[in-house]
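J.: Pasting a structure below so you can have a look.
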Amino acid sequence: MDPDAEEQMFAAVIAADEKIEPRDWMPDGYRSSLIRQMAQHAHSEVIGMQPEANWILRAPTLLRKAILIAKVQDEAGHGLYLYSAAETLGVSRDELQRLLHSGRQKYSSIFNYPTLSWADMGTIGWLVDGAAIVNQIVLQRTSYGPYSRAMVKICKEESFHARQGYSIMMTLVDGSEEQKAMAQDAIDRWWWPALMMFGPHDSESSHTEQSMAWKIKRITNDDLRQMFIDQTVPQAHYLGLTIPDPELAFDEETGHWNIGEIDWEEFWATIQGDGPLNRERIAHKTKAWDDGRWVREGASGYAAKNRSLDKSA
Ligand code: FAQ
């Protein structure tokens, strides 16, 4: 097909709300933007295992421990689906690891904060998975087929994650004064970082306009953040917890909750590598990658040996 026809075909698929598939022609910018976003998403799932793994050995009951282990395993699975989906764009998983370890690709800002108490496991499930779901439900309609299909399964699992988080919070607010205080302290620390997960204001977002035109993104950062706020404030009130924002107010006219300003300096510092735990997170990830080298080499050697046996048979 001549280049103009290929470009027209791509534009027609996007306009018709159909999916671009790995073998289809796509603009270089579409490919690189998807690799950037999908890799960042995959890295977030994998680095996101660290703050929660911190509490597996200290979960208060066997049931809570089993649930937390299942959740952390799910996050590893999400990383795998997303790396596999990114590989369909012609980039290798090894290359994506190198880009993450060297700081050339990012992961979500939220995973640079420490998990200081058991209530943080409830708050991560409720707020962090809650924010992830708001973003990811919409990504089920993203224009790239493999990314969109990965999102369907991921969203189902994220719903369980959010429910188990809210269940931890309900138990804590029904408990002793110390437990209630723990729940309040956790929301005090996680509320603002959860809002930062949606990225900068639309006016400051370098990728939104083009990503919306290509239907990689379907709703803007600010609109998604507002959806999350409107869904979460009543949940906090139901728990009897206070949102740590003196400017929080319901606007009768718009039907939305208005908030105070996010600390954007903290956001930009965190995504540029200067958050509370960036160095520890990457050091831990790099060590796990290095420690696992013998497994990868063994598995690929075994696969290569089987391939040569198949050929000689
Ligand atoms: N953290 O122009 P935009 C989860 C960067 S999954 C770090 O608005 P874009 C599950 C952005 O990359 C959570 N960096 O960018 C779980 C860009 O920098 P670049 C992850 C951020 O891509 C739960 C610059 O700022 N979810 O939590 C962040 O159009 C519990 C300008 O920003 C996804 O990745 C941030 N928060 O919109 C796991 C969803 N925000 O690349 C374990 C897919 C912005 O030019 C436990 N991703 N940046 O150097 C997306 O929807 C989008 O990429 C956004 C950002 C909305 C995150």
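J.: So for the stretch 156-172 (the condition being part of a helix (DSSP H, G or I), of a type in the set (Gly, Ala, Ser) and touching a residue at least 60 places away in the same chain (Cβ under 8 Å)), does at least one residue qualify?
T.: no
J.: Looking at Leu34 and the list (1) out of contact with any Leu (no Cβ under 8 Å at 6 or more places or on another chain); (2) within 16 Å of the ligand (Cβ to nearest atom); (3) aliphatic (A, V, I, L, M), which single condition is not satisfied?
T.: Among (1) out of contact with any Leu (no Cβ under 8 Å at 6 or more places or on another chain); (2) within 16 Å of the ligand (Cβ to nearest atom); (3) aliphatic (A, V, I, L, M), the lone unmet condition for Leu34 is (1).
J.: I would also like to ask the following. What's the total number of residues in the stretch 160-189 that are open to solvent by less than 10 Å² (accessible area, probe 1.4 Å) and in contact with an Asp or Glu (Cβ under 7 Å, 6 or more places away or on another chain)?
T.: 3
J.: Select, from Glu45, Glu18, Glu52, the only residue that is modelled with pLDDT of 95 or more, open to solvent by less than 60 Å² (accessible area, probe 1.4 Å) and either in contact with a Gly (Cβ under 6 Å, 6 or more places away or on another chain) or assigned to a loop (DSSP other than H, G, I, E, B) (or both).
T.: Glu45
J.: Can you name every residue in the stretch 82-108 that is open to solvent by 10 Å² or more (accessible area, probe 1.4 Å) and under 26 Å from Thr232 (Cβ atoms)?
T.: Lys106, Tyr107, Ser108
J.: Another question, then. Give the residue that is nearest to Gly145 (Cα to Cα), with candidates limited to residues of the stretch 21-31 that are part of a loop (DSSP other than H, G, I, E, B) and charged (D, E, K, R).
T.: Residue satisfying both the conditions and the ranking: Glu21.
J.: Any residue at all in the stretch 144-152 that is in contact with a Lys or Arg (Cβ under 7 Å, 6 or more places away or on another chain), assigned to a helix (DSSP H, G or I) and among the polar types (S, T, N, Q)?
T.: Within the stretch 144-152 (the criterion being in contact with a Lys or Arg (Cβ under 7 Å, 6 or more places away or on another chain), assigned to a helix (DSSP H, G or I) and among the polar types (S, T, N, Q)), the answer is yes, since at least one residue qualifies.
The values are calculated or read from the model by the stated rules, or taken from the named source; none is laboratory data. Just so we're clear, the structure is a prediction, and the values are computed from it rather than from any experiment. Here the Cβ is made from the backbone with ideal geometry for all residues, glycine too, and neighbour counts use every protein chain on show. Just so you know, the surface numbers come from the protein's heavy atoms only, side chains and all, with ligands and any DNA or RNA stripped out. Shrake-Rupley method; radii C 1.70, N 1.55, O 1.52, S 1.80 Å.
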